[in-house]
Structure formats: C-alpha cells, structure tokens
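The values are calculated or read from the model by the stated rules, or taken from the named source; none is laboratory data. Please read all numbers here as calculations on a predicted model, not as lab measurements. All Cβ positions, even for glycine, are placed from backbone atoms using ideal geometry, and neighbour counts span all protein chains on display. Side chains included, ligands, DNA and RNA excluded: accessible areas come from the protein's heavy atoms. Shrake-Rupley method; radii C 1.70, N 1.55, O 1.52, S 1.80 Å.
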Amino acid sequence: MALMRFCAGTEVSINGEPYRLVEFIDRGEPNEPPAWFLRRLNRSETVLFTVAVLRRMFDEGQLKRLYTTADGHAADGEVMRRRHAYVPDDLPPADRRRREVRAEFVKRVQARLGLRGAHARLGPDVDGKPDTLLSRALAEVSREMAADLKGIGLRNRRKPEDADKASQPPKGKPGDEEPDEPVHLVDQSTYYRWLQRYDPEDKRGLEGDFAARGNRNQLLPAVKEAMLAAMRDAIEQAKDKRQVGKVATVTMASLRSSINQALAPKRLQSPELREELVPPSAPTLHRHWKTFPAFDRACATMGLSRARREFRFIRGHEHPEAPFELVEYDETHMPFMFVDEVHGVPLGMGNLCSALCVATHSCGGFNISFEPFSDMTMMSTLRHAVSLKSYVAREYGGRIRNEYLPGGMFRCIGIDNSKPAWGKTLKQVARTLDCDRMWLPPRTPWFKPVVEGFFRVLNQLLLQEMPGFTLGRAIDSKDYDPRVSACIGLRQFLFLFHAWICDIYQVRRQEGLGNRSPNECWRELLVNGEPGLLDSADDVASLFGVVRTGTLDHRGVRFCNIRYGSPELQGLRLDRGARQNILFKIDPANLLHVRVR
C-alpha cells in the first residue's frame, strides 16, 4: 500500500483544510526549529508549520493524507488507497514500450481536444467521412508518432486502390518521386479502446495481451482435468515414497499411463470422442508439468528428503540502509516490582516488549504491561513504533530535553519463531502493509544482536541503579530492605524510561554506529528513505488491533461477555446466515468498538 511521507508535493488535510507541502526549512539554529512551508489550496496562501507541530497533529488525528485527481478535485480516499502499486519494470521491454507509446498517444490527442467537443465538425466530409476535431487530432498525432506506432506493431492502412498504385513503378526521373503522405495509423475505435484503459497515474492494461491470439489445438476439458489430476496425485504420492538410487519416482511415461486409465471410462461413455480422449503429447505434458512449483516437481522426481536438501534455505547478511527498513522485535521480563502510586497496590513484575531499528539502533517502540506475551503485547509495541511520539512533549513538558525521533512504518520485522509470530494478527498486518516477516531461530540471541544489546545496556545503565530492582541470589537478603528498595511506581518508571531513551540512549555515541548516536544516524539515513505513515491516526488503531474469532447472531458480536451491535451487521447476516463464525479486530486499549471483517 502507498504510504504518506513528509516531502515536497504531498497533499494533506489539516482540520478539513487542504494543504500542499512546498519547501522544508532547517537553518540548524536552536531558536529556529525545522519547519515546512505549506500552501493552502483553496485560498492560495502560504503557512509555516514546524515539524514538531505536524507530528503532533498527525498523532492527534488532525492531519490526514489528501487524495486528489488530475483535475484537482478531492477523490475517494478508500478507492485510491486500495489501488495496488504497479511496477513497470516487471514487464518485458516490448510490452513496456507499447504501453508508453499508447499512453503518450492518448495524452497528445487529449491535449489537442481541450474542452471542445471531440466530434464537432470543422469542414466538409473527406472521403465520405466527417471532418471532425477528433479525426484531425488523430491524423496529426499519427503523423508525429508514425515511427513509434510502427515500432509497436501498427502498420499503414491503405485502401486497395492505394496498394495498386504503390505496386506500380513511379513515373518520371528517379528524383521526381513524391513522398507518400502519412496514413492514419490509429482510427477512432482504437483510440477509444485505449482511452478506456488510460489513467494518468495507473497505465495498466495499455500494454495489451497478444499471447492468446491465433488458432491452437485446444485440449478437451476432460483430458486437461485428468492430466492435472494425475500430476497432482503423482506429486502427493511421491512425497510419501522413498527414492531408491537415482531413479526418478515420476516420469512422463507413468503420467501418460495414469491419464490413459482415467480416460478409459470416459471413452466408453462417449464413443464419438474416442479419438480425442487420448493422453496429450509429450510437449503438452512438459508444458503443463512446468506450471507446478519447482519444489513439488523436485519432490516427485527426487524424493522429499533430497528435494529439501536441494532447496534448503540460505540467507546472507544485508545491512539495512534506511531507517525502519528492518526492525527487530523481542520480549523480556522486567526485574522490577511495580506499585500503583495512587492506590498503593503492588502490581507485580512487568514485561517489556521492544522494537529496535537495525540501521540506526534506535528504540522505535516499546510496551510495558503485566500481560503474558501474546499478539496483544506485540500489536501494542508495533502501534507505539509507528506513532510519532508527540505525546512526550505534551505529557512531560520541559523535563525531557530531546525529541523522540523514531517513528513510521517498518518494511521488514525480525521476530522469534513463536505462536504470536505465526498468528492471524501479524499475518493480516504484514499483508496490509506489504511488510516482510523474517523468523529467527529460538534461543539464538546472536541472530538479533541489536535488540539484545539494547536489553543489556538497559540493565547495566538504568535498571540496576534504580529502586525496585530485584537482586540475585548472590546478594545476602539482610542487605536488601524491600520497604526502601522494592518500591517504584509505574508512572514514575515510565517517566524515567522515556527520559533515559530520549536524553541518554538516543544521544549516546556507539561504536557499532561508527562513533555516532542513534539520533545522528536517524537524521543521516533519512535521505535513503523516510519511513512512511498511514493516512490518518485512526487507521493505526484499526490496523494494529488483535484478531479474534467470535459468533454473530441476532444479539450482535460477543467478545469477553461484551456484545457489540450495529445495523450494518444485519446485511452480513442476511447474506451469509443468521448465525455464523466471524473474524473481527479489537483494540485492547479501547473496548468501545470492534471491527468486523
């Protein structure tokens, strides 16, 4: 999905007013923080906003992405948001050139038409056809792009009498030939067919599909079905067989025999098709056999054990070059006994989940809770990682000097091979964000050195020096007074933890970063790719909710003995049944709403 970034040309909506980011200003002076010049689209005036204000407005839901069409009008955000990205380099060069030439042709014709009627008559009929604005535009553009149109497969269309004249030798001297006038290469029907598929932002469909042309010998549906069924059965049976020596388990001869046995009853039922209900030829078998995955074909020919050895996983180390290109996620138990400052109630030992940026070693997000590790704690950590953390300046005021810089969407997440990592929640989030998941072996901390190093630094520089830290068995219990040492409030610890991250860890130079701090690396690597943002802060809560299974009936959706009702659910019941099992998302921090799939 396309992500929003604070860059020149991005159009946003601030409290319902449309703006466009024009220019970024950063003089490097403490009294003048970095800021953006924004132009108000409906009033044509320029406004200055600091980066901190823009980040705060995005977190509070006041700033959202604005979609506009080619004519400048606001478009439906949901339709534009669901449009998939199209990579033109995936096409062959010939198809790519054909698409670009057709798009350029339509663009030039539309520029000549303007706001006038395309079929407005401009003069008397020419060769029995009306002389209209569209016909003249097609003729002019065809003359301009004659070489390009001929290069993509179009040919000059001559009348029969023109062809006869062209076949006769020219009269007069060799230098007296008159050049042939350019012939209209694109007619109105072809132009309108291209125009129907033309979109200035998405040119899919203009490359054409010429692979299905021509007369080919088609297989009967019964023969094709029997052939594919025989191949699938052979692959499944070969996975359970043990290969002896180097003899292939499945061969073309064995497949033809299986197909012939499957077609024998059908030949008896349809004697008139007896000559056509035969196994296909060897090239046809090979062509359809290659449509199956390479691993499945290797299992059929080599055996399952040898195929696994041949296709074993290999991974090389690639250091990320941009912030949040790779994020490491891990969990640990907090060696603390927390208490509630307001009620004076002991809360117990908490759990810490962290997401670290591998490129900059920055702490992108964390979550401190008393819940067991699950998809709920994971989603809370990722939700905090993608936010811009503008609450730090609002909640803690001037007590924290530096800004909490890391924030935005991540491109790949490295996670332990655990149940929450394989759950439906993370799977849907990764599918929506087009994010890769990299599973790391369990009990191997050297595969995620950044987050493990963060935990080690956290224990050495912060936790061991704070009250509430639980001591090991090597310390005599007489030297430890729990009334003095084991009392730290949760809110007090949250402030200290934020202050340590912003004012100590993020500005502390590290040898692994070339004697630079995480904040310096974050600012330097932004030129390689700035982390994107969702269209609004409301999408963050809906995206990072936990996926649960519930029952929908006349009483609504039930979750933890809480029932949720909505008039839209009635349409789902009328379409799929009065009582059904459904998937829904819920935000653990806000139980007022659930989102039904």
Report task. Go through segment 528-569 and tell me which strands (runs of 3 or more DSSP E), entirely inside it, have 3 or more residues that are at pLDDT below 85 and acidic (Asp, Glu). Result -> none
Query raised in the report: Counting only residues that are without any contact (Cβ under 8 Å) to a residue 60 or more places away in the chain, part of a loop (DSSP other than H, G, I, E, B) and of a type in the set (Lys, Arg), which one in segment 1-60 is nearest to Arg383 (Cα to Cα)?
Result: Arg27
Report task. Please go through segment 211-243 and pick out each residue that is at pLDDT below 75 and of a type in the set (A, V, I, L, M, F, W, C). Result -> Ala211, Ala212
**Report entry** Meets criteria (open to solvent by less than 20 Å² (accessible area, probe 1.4 Å), of a type outside the set (A, V, I, L, M) and farther than 29 Å from Arg516 by Cβ) for Asn351
**Finding:** yes
Report task. Give me a count of the residues in segment 120-148 that are surrounded by fewer than 11 Cβ atoms within 10 Å (Cβ to Cβ) and within 43 Å of the chain's Cα centre (by Cα). Result -> 1
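When you look at Ile400, is it under 22 Å from the mean Cα position of the chain (by Cα) and modelled with pLDDT of 90 or more, yes or no?
It is false that Ile400 is under 22 Å from the mean Cα position of the chain (by Cα) and modelled with pLDDT of 90 or more.
One line per residue, one yes/no per condition, for (1) part of a helix (DSSP H, G or I); (2) farther than 19 Å from Leu533 by Cα; (3) within 25 Å of the chain's Cα centre (by Cα):
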{"residue": "Met376", "(1), (2), (3)": "yes, yes, yes"}
{"residue": "Leu382", "(1), (2), (3)": "yes, no, yes"}
{"residue": "Leu405", "(1), (2), (3)": "no, no, yes"}
{"residue": "Gly408", "(1), (2), (3)": "no, no, yes"}
{"residue": "Thr425", "(1), (2), (3)": "yes, yes, yes"}
{"residue": "Val429", "(1), (2), (3)": "yes, no, yes"}
{"residue": "Arg443", "(1), (2), (3)": "no, yes, no"}
{"residue": "Trp446", "(1), (2), (3)": "yes, yes, no"}
{"residue": "Glu452", "(1), (2), (3)": "yes, yes, no"}
Query raised in the report: Quick one: how many residues across segment 95-119 are of a type in the set (A, V, I, L, M, F, W, C), open to solvent by 20 Å² or more (accessible area, probe 1.4 Å) and in contact (Cβ under 8 Å) with a residue 40 or more places away in the chain?
Result: 0
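Can you tell which of Leu572, Leu592, Leu583 is farther than 15 Å from Val547 by Cβ and in contact (Cβ under 8 Å) with a residue 12 or more places away in the chain?
Leu572
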**Report entry** Positions within segment 321-351 being among the aliphatic types (A, V, I, L, M) and touching a residue at least 24 places away in the same chain (Cβ under 8 Å), in sequence order
**Finding:** Ala322, Leu326, Val327, Met334, Met337, Val339, Leu347, Met349
Report task. Would you tally the residues in segment 552-569 being open to solvent by less than 60 Å² (accessible area, probe 1.4 Å), closer than 15 Å to Leu583 by Cα and within 32 Å of the chain's Cα centre (by Cα)? Result -> 5
